[in-house]
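**Q** Here's a structure for you.
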Amino acid sequence: LTHVTPRTLSDKLALNAVKMVRYSFDTMTGWNGEITTSKVLQRVIFLETIAAVPGMVASIFRHFKSLRSMERDGGLINMFLEEATNERMHLLTFVTLRDPSVPFRLSVIGSQFVFGTGFGLAYLLSPKFCHRFVGYIEEEACSTYTKIIESIEEAPEGSELAEWKTQRAPKIGISYWHLGEDGTILDLMYAVRADEAEHRDVNHSVVNMQPGDINPRYDPKARIDDALHKYVRAMLTRQPKID
């Protein structure tokens, strides 16, 4: 797992804000104690309802900015929409394993209002700070899913966590991540962690982009070149048919 060392005052503020939120949330949910399936699902379901907010906020603000300036956004709008959708798919997959209670759902509504409003105002003031903040949030997400994966793999036989090594993942997850018919919940956790790592790298890299830069992950020329490279490589390595 990688970590971006804070260099500017904005970076340090973002990192400290994330650490404060992480510490408070861990304390309130008892995350530092024994890890159980109930704790895992409660944590990931709540966090994914919040994690899908930054990408949507970023894409909306960038969309309106593109309309005002009548200029292209360099592929960032689509990237952040995809990020928001990906986080939402995490949520929709996990809720098939546990149906949240009414108080839980009410807490989600309140949290979304507070975080969505605060993040939106912060994005108006400093998009770079917000993306660095999200980058550090995703670092913590990678750490969380790593802890979950290790807990599952090291769980004693017969425990609920150990069952996730072989329990089939929800159909929506198998379809979305192409886990295969035998994909397990453990496989699902690995896939989700990979997503969070990509979001981490994306948000940290956006901080360093300058006005007019093209998002390398959505650069049309780079995508075409990559597709052609894969096609040529496949043609050269294709085995001849034997009659």
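**Q** Can you find even one residue in region 78-92 that is hydroxyl-bearing (Ser, Thr, Tyr), without any contact (Cβ under 8 Å) to a residue 60 or more places away in the chain and open to solvent by less than 10 Å² (accessible area, probe 1.4 Å)?
**A** Here is the first cut: in region 78-92, the residues hydroxyl-bearing (Ser, Thr, Tyr) are 85.
Now drop any that are not without any contact (Cβ under 8 Å) to a residue 60 or more places away in the chain, which leaves 85.
Now drop any that are not open to solvent by less than 10 Å² (accessible area, probe 1.4 Å), which leaves none.
Taking every residue of region 78-92 in turn, none turns out to be hydroxyl-bearing (Ser, Thr, Tyr), without any contact (Cβ under 8 Å) to a residue 60 or more places away in the chain and open to solvent by less than 10 Å² (accessible area, probe 1.4 Å).
**Q** With the checklist (1) of a type in the set (A, V, I, L, M); (2) modelled with pLDDT of 95 or more; (3) touching a Leu at 6+ places or on another chain (Cβ under 7 Å) in hand, flag the one item Ala155 doesn't pass.
**A** Exception for Ala155: condition (2).
**Q** Of all residues in region 5-37, count the ones that are within 16 Å of Leu161 (Cβ to Cβ), over 21 Å from the mean Cα position of the chain (by Cα) and either of a type in the set (Phe, Trp, Tyr) or in a helix (DSSP H, G or I) (or both).
**A** Final tally of qualifying residues: 0.
**Q** Criterion first (modelled with pLDDT of 70 or more and either assigned to a helix (DSSP H, G or I) or in contact with a helix residue (DSSP H, G or I) (Cβ under 9 Å, 6 or more places away or on another chain) (or both)) does Tyr190 satisfy it? First the steps, then the outcome.
**A** Numbers: modelled with pLDDT of 70 or more: yes; either assigned to a helix (DSSP H, G or I) or in contact with a helix residue (DSSP H, G or I) (Cβ under 9 Å, 6 or more places away or on another chain) (or both): yes.
Taking the combined requirement at face value, the residue satisfies it.
**Q** Out of all the residues in region 42-58, is one or more outside any loop (DSSP other than H, G, I, E, B), among the hydroxyl-bearing types (Ser, Thr, Tyr) and over 15 Å from the mean Cα position of the chain (by Cα)?
**A** Kept after step one, since they are outside any loop (DSSP other than H, G, I, E, B), are these residues of region 42-58: 42-58.
So of that shortlist, the ones also among the hydroxyl-bearing types (Ser, Thr, Tyr) come out as 49.
Filter once more, so that each one left must be over 15 Å from the mean Cα position of the chain (by Cα): none.
Within region 42-58, none of the residues are outside any loop (DSSP other than H, G, I, E, B), among the hydroxyl-bearing types (Ser, Thr, Tyr) and over 15 Å from the mean Cα position of the chain (by Cα).
**Q** The conditions are (1) under 21 Å from Ser205 (Cβ atoms); (2) among the charged types (D, E, K, R); (3) in contact with a Leu (Cβ under 9 Å, 6 or more places away or on another chain), and Glu48 fails exactly one of them. Which is it?
**A** All conditions pass for Glu48, except number (1).
**Q** Same structure again: Please enumerate the residues belonging to region 96-123 that are open to solvent by 70 Å² or more (accessible area, probe 1.4 Å) and either under 23 Å from Gln42 (Cα atoms) or modelled with pLDDT under 95 (or both). Show your work before the answer.
**A** Residues of region 96-123 that are open to solvent by 70 Å² or more (accessible area, probe 1.4 Å), as a first pass: 96, 98-99, 102-103, 105-106, 109, 112-114, 121.
Scanning region 96-123 gives Thr96, Arg98, Asp99, Val102, Pro103, Arg105, Leu106, Ile109, Gln112, Phe113, Val114.
**Q** Looking only at region 119-163, count every residue that is over 19 Å from the mean Cα position of the chain (by Cα), of a type in the set (A, V, I, L, M, F, W, C) and either under 25 Å from Ala52 (Cα atoms) or in a helix (DSSP H, G or I) (or both) and tell me the total.
**A** 7
**Q** Here's something else I'd like to know. Exactly one of these conditions fails for Met79: (1) in a helix (DSSP H, G or I); (2) in contact with a helix residue (DSSP H, G or I) (Cβ under 9 Å, 6 or more places away or on another chain); (3) over 20 Å from Arg132 (Cβ atoms). Give me its number.
**A** Going through (1) in a helix (DSSP H, G or I); (2) in contact with a helix residue (DSSP H, G or I) (Cβ under 9 Å, 6 or more places away or on another chain); (3) over 20 Å from Arg132 (Cβ atoms) one by one, Met79 breaks only (3).
**Q** Enumerate the pairs (first residue in region 121-150 and within 19 Å of Lys12 (Cβ to Cβ) and in contact (Cβ under 8 Å) with a residue 12 or more places away in the chain; second residue anywhere and among the polar types (S, T, N, Q) and open to solvent by 50 Å² or more (accessible area, probe 1.4 Å)) with beta-carbon separation below 8 Å, excluding pairs fewer than 6 apart on the same chain, so at least 6 apart or on different chains.
**A** Sorted first by the residue in region 121-150, then by its partner, the pairs are Glu139/Thr2.
The values are calculated or read from the model by the stated rules, or taken from the named source; none is laboratory data. All figures in this text were calculated on a predicted structure; none of them were measured in a lab. For neighbour counting, all protein chains shown are included, and Cβ atoms are generated from backbone atoms with ideal geometry for every residue, glycine included. All accessible areas refer to the heavy atoms of the entire protein, side chains included, with ligands and DNA or RNA removed. Shrake-Rupley method; radii C 1.70, N 1.55, O 1.52, S 1.80 Å.
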